[in-house]
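Peer 1: Here it is, the structure, as structure tokens.
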Amino acid sequence: MWFVEKHDGTGFMIRGEKIFEKESMQKIEIYSTSLGKMLVLDGKIQLTEKDEKMYHEMLVHVPMLMHPSPEKILIIGGGDGGALREALKHKPKEVKMVEIDKEVVEACRKFIKIDDGAFDDERVEIIYEDGVEFVKNCKEKFDIIIVDGSDPDAVSKPLISREFYANCEKLCDIFVTQSQSPFLQNEHFEAILKNSNVFKQRRIYLSFVPSYPSGMWSFLIAGENLAIDLETIKKRYEERMIKTFHYNPELHVSSFSLPTWLKELIKKYGLLC
Ligand code: SAM
């Protein structure tokens, strides 16, 4: 069969067979496809095995390497375990993962297995709760908060609200969130830019993720000191002995080089270019 994900008159098609389906708070589907196992939530592709590292490595290593010593990490969402797997490569003391839907974690552990044992790591605590409520009531501080949420919909839309960003700002040194396709999902992208102005400094960086709408994917990173210096990033990458498939320090720096139309758009919302 062909699975088709449609966006505003465009579509991404992939051939595969459905191997799992469950209705929980989201409709969870898992396919075996020509790009490996694929997770779909409420009709939207969350990952394929072939390109998930192009997303997870950029989501996680960019903020982790911009921090001198990331020891306490909070991941919100990320039920497939890919962000958790990458965060553990920095040997943090503890990682809390707050995921709203336990069924996603269970399905991914059983059928996708990209966590490489991360779910069972003794430094990891998985909390099944709405990330928005968690940060509202949280008294702990984190070096980094990573938001690996799904496309803004009924369950995940509050993850792009001003209230959520304001609560995260109080809790961490560096914050990062996936921020959708700036090419095809302008409405979500601009809502993220608008609502995140609670942070002192914000920047956008890009990665190519072929199975996401248009392939052009963005991330918003925020904090107080977001300078990017290749030598420092390289030194940290080598000292921490990080092994990656897609990420490298040169790509890290170049991912902040944006096309003119995107620079102009983000400047309107007060972001650094
Ligand atoms: N990489 C993916 C993307 O950009 O399409 C995201 C993948 S990850 C599976 C998204 C996860 O966020 C899902 O497991 C979903 O259950 C979780 N999620 C959505 N809303 C949430 C919320 N309010 N609090 C915590 N987790 C949430």
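Peer 1: So which trypsin sites (Lys or Arg not before Pro) in the stretch 138-198 end up in coil per DSSP with only 16 or fewer other C-beta atoms within 10 Å?
Peer 2: In loop regions of the stretch 138-198 (DSSP not H, G, I, E or B), the sparsely surrounded trypsin sites (Lys or Arg not before Pro) are 139, 141.
Peer 1: Under a point spin-label approximation (7 Å from Cα along Cα-to-Cβ), what is the residue 109-residue 127 distance to one decimal in nm?
Peer 2: 1.9 nm
Peer 1: Need one word for the stretch 2-48: rounded, prolate or oblate. Basis is the Cα gyration tensor (sqrt eigenvalues a ≥ b ≥ c); a/c below 1.5 gives rounded, then a/b vs b/c decides.
Peer 2: oblate
Peer 1: Could you work out the helix-only [θ] at 222 nm for the chain, with each DSSP H run of four or more residues adding -39,500 (n - 2.57) and the total divided by the number of residues, to the nearest 500 deg cm²/dmol?
Peer 2: -8500 deg cm²/dmol
Peer 1: Stretched out fully, how many nm does the piece from residue 153 to residue 166 gain, at 0.36 nm a residue minus the Cα gap?
Peer 2: Stretched out fully, the residue 153 to residue 166 stretch lengthens by 2.7 nm.
Peer 1: If you line up the Cα atoms of the chain on their principal axes, what length do they span on each, largest first, in Å?
Peer 2: Result, largest extent first: 47, 44, 36 Å.
Peer 1: Find which of 31, 7, 43 sits farthest along the positive direction of the dipole of the stretch 2-48, computed with +1 on the beta-carbon of Lys and Arg, -1 on that of Asp and Glu, about the Cα centre.
Peer 2: 31
Peer 1: Trypsin sites (Lys or Arg not before Pro) within the stretch 204-273: which are DSSP loop residues with at most 16 other Cβ atoms inside 10 Å?
Peer 2: 240, 243
Peer 1: Run through all the Cα pairs of the stretch 144-265 and give the fraction in each 10 Å bin from 0, expressed as whole percent.
Peer 2: Each 10 Å bin holds this share of Cα pairs: 12, 42, 36, 10, 0.
Peer 1: What is the Å³ per residue value for the convex hull set by the Cα atoms of the stretch 1-128?
Peer 2: 108 Å³
Peer 1: Additional query: Take 55, 269 and order them by how many other Cβ atoms sit within 10 Å, fewest up front.
Peer 2: Details: 55 26, 269 16.
Least to most surrounded, the residues fall as 269, 55.
Peer 1: Please figure out what share of the DSSP beta bridges in the chain is antiparallel and state it in percent, rounded to the nearest 5.
Peer 2: Of the beta bridges lying entirely in the chain, close to 65 percent run antiparallel.
Peer 1: Can you compute the label reach from residue 245? Point 7 Å from Cα along the Cβ direction, backbone N cut-off under 17 Å, restricted to the stretch 180-217.
Peer 2: The answer is 207-212.
Bear in mind that the values in this text are calculations on the coordinates, not laboratory data. Quick caveat, the model's predicted, so the values are computed rather than measured. Ideal geometry is used to build each Cβ from the backbone, glycine not excepted, and the neighbour counts take in all protein chains shown.
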